[in-house]
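**Student:** Here's a structure for you.
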Amino acid sequence: MDMKARGWGSLLSEKVLALLFEKPSLRHRTSFEVAMRQLGGHCIYLSPEEVGLGKRESAADVARVLSGYTNCIAARTFSHQTIVTLARYADIPVINALSDLEHPCQAMADLLTIYEKKGELEGLTLAFIGDGNNVAHSLLLAATLSGMNFRIASPRGYGINEDILNTAREYAAESGTEVFCTEEPRQAVTDADIVYTDVWTSMGQEAEVEKRRGAFDGFQVNGELLSLAREDAIFMHDLPAHRGEEVTDDVMDGERSVVFEQSENKMHLLKALLVEMIGGLEIPLPDYR
Ligand code: NVA
């Protein structure tokens, strides 16, 4: 929130961020570039064709090379292991800008949006409807670390990864919150403070699109489902949205929707993250609880 109020500055002057992306990106790429520019730094975007991560050159060698030129790597990859390898071999910080397993910057930006809208995090209930994917994983971990209850409704076979679920249950035990998994969207949404959804078919799963449309039938967030949430509930989506699949137009464009505030907050969150990681400034964590 402090970085959002601060606007432009020079905290990252003479700093260079490498954007190493294997997958498409509108919001993350633009957010990183604008965040660096607003703070006086620079970005270099490296497309999959140019780098050939793991094909033309190993991830370990790419990490060592970029450590000699830049101050930080933001990587968007298919395999989560590629980010782990980059982090292991780089001498500079590596940020996960989305992998098949997790999407942590999104989750942190989402907490900022929730905090702005609700004035607190502790005790709130977030209902995630849909695929137990990268977005759901990071939200689950972030929510349980922050004192929020997390419910997810997914079709059988599309739930949360077991290891992530176990970690989240440990966080929940510590913060005294609840994690609840169901196959019934109405059960998850009833009296929730936040209703969240994401695409049924993530990047890299395009071959499964028809199968997934069938499996997720009944998991659409529409006006009728949203009406079961609390009267002051907000609707969230990390975008891009497949309107007419996981969410209807009336919900996306309705007065409870905060989806475009979410996308703007990503840039503000990244500014804070970059300043903390490579700007030498310690951002005091707000006391969310
Ligand atoms: N689950 C989606 C998120 C996109 C930002 C995907 O991985 O494609």
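Since every read-out is calculated from the coordinates, none of them should be taken as a lab result. Because the structure is predicted, anything quoted here is derived from the model rather than measured. Quick reminder, even Gly has a Cβ in these numbers, built from the backbone with ideal geometry, and neighbours come from all protein chains shown.
**Student:** Quick one: which residues, 5 or more positions from Y45 or on another chain, have an amide H under 5 Å from its amide H? H modelled 1.01 Å from N in the peptide plane, none for Pro or chain starts.
**Tutor:** L19
**Student:** Within the range 1-107, report the GluC sites (Glu not before Pro) that DSSP leaves as loop and that have at most 16 other Cβ atoms within 10 Å.
**Tutor:** Sparse-neighbourhood loop GluC sites (Glu not before Pro): E14.
**Student:** Which value in deg cm²/dmol, rounded to the nearest 500, describes the helix-derived mean residue ellipticity at 222 nm for the chain, given -39,500 (n - 2.57) per DSSP H run of n ≥ 4 and division by the residue count?
**Tutor:** -12000 deg cm²/dmol
**Student:** Quote the convex hull volume per residue of the range 201-272, based on C-alpha atoms, as a whole number of Å³.
**Tutor:** Dividing the Cα hull volume of the range 201-272 by its residue count gives 105 Å³.
**Student:** Would you mind getting the Kirkwood hydrodynamic radius of the range 168-230 from its Cα pairs, rounded to one decimal in Å?
**Tutor:** 13.8 Å is the Kirkwood radius here.
**Student:** Over the chain, how many pairs of lysines fall under 21 Å by alpha carbon, counting only those 8 or more apart in sequence or from different chains?
**Tutor:** So the count works out to 12.
**Student:** Counting other Cβ atoms within 10 Å, which chymotrypsin sites (Phe, Trp or Tyr not before Pro) in the range 1-106 have at most 12 and lie in a DSSP loop?
**Tutor:** Within the range 1-106, the qualifying chymotrypsin sites (Phe, Trp or Tyr not before Pro) (loop, at most 12 other Cβ atoms within 10 Å) are W8.
**Student:** I've got another one for you. Of the options S99, L145, V195, report the single residue whose Cα projects farthest towards the positive end of the charge dipole of the chain (beta-carbon charges: Lys, Arg +1; Asp, Glu -1).
**Tutor:** The Cα lying farthest towards the positive end belongs to S99.
**Student:** Still on this structure, please answer the following. If I fit a long axis through the Cα atoms of helix 162-175 and take the longest principal axis of the Cα atoms of the chain, what angle between them do I get, 0 to 90°, rounded to 10?
**Tutor:** For 162-175 against the chain, the angle is about 80 degrees.
**Student:** Something else about it: With angles folded into 0 to 90 degrees, how steeply does helix 134-145 sit against the dominant principal axis of the chain? Use alpha carbons for both and round to 10.
**Tutor:** Taking Cα atoms only, the helix is inclined about 80 degrees.
**Student:** Then there is this: In Å, the Kirkwood hydrodynamic radius of the chain over pairs of distinct alpha carbons?
**Tutor:** Final number for the Kirkwood radius of the chain is 19.5 Å.
**Student:** Restricted to Cα positions, what overall size does the range 70-208 have along the principal axes? Three whole-Å values, descending.
**Tutor:** That gives 47, 38, 26 Å along the principal axes, largest extent first.
**Student:** For the range 1-141, I need the span (max minus min coordinate) of the C-alpha atoms along each principal axis, in Å, sorted largest to smallest.
**Tutor:** Between the extreme Cα coordinates on each principal axis of the range 1-141 lie 47, 38, 24 Å.
**Student:** Next question. Can you give me the Cα centroid spacing of the range 16-64 and the range 80-118 in angstrom?
**Tutor:** Distance between centres, Cα-based: 14 Å.
**Student:** Sticking with this one: What net charge is computed for the residues neighbouring I160, neighbours being all others with C-beta under 12 Å from the C-beta of I160, Lys and Arg scored +1, Asp and Glu -1?
**Tutor:** Within the 12 Å Cβ shell, the charges total -2.
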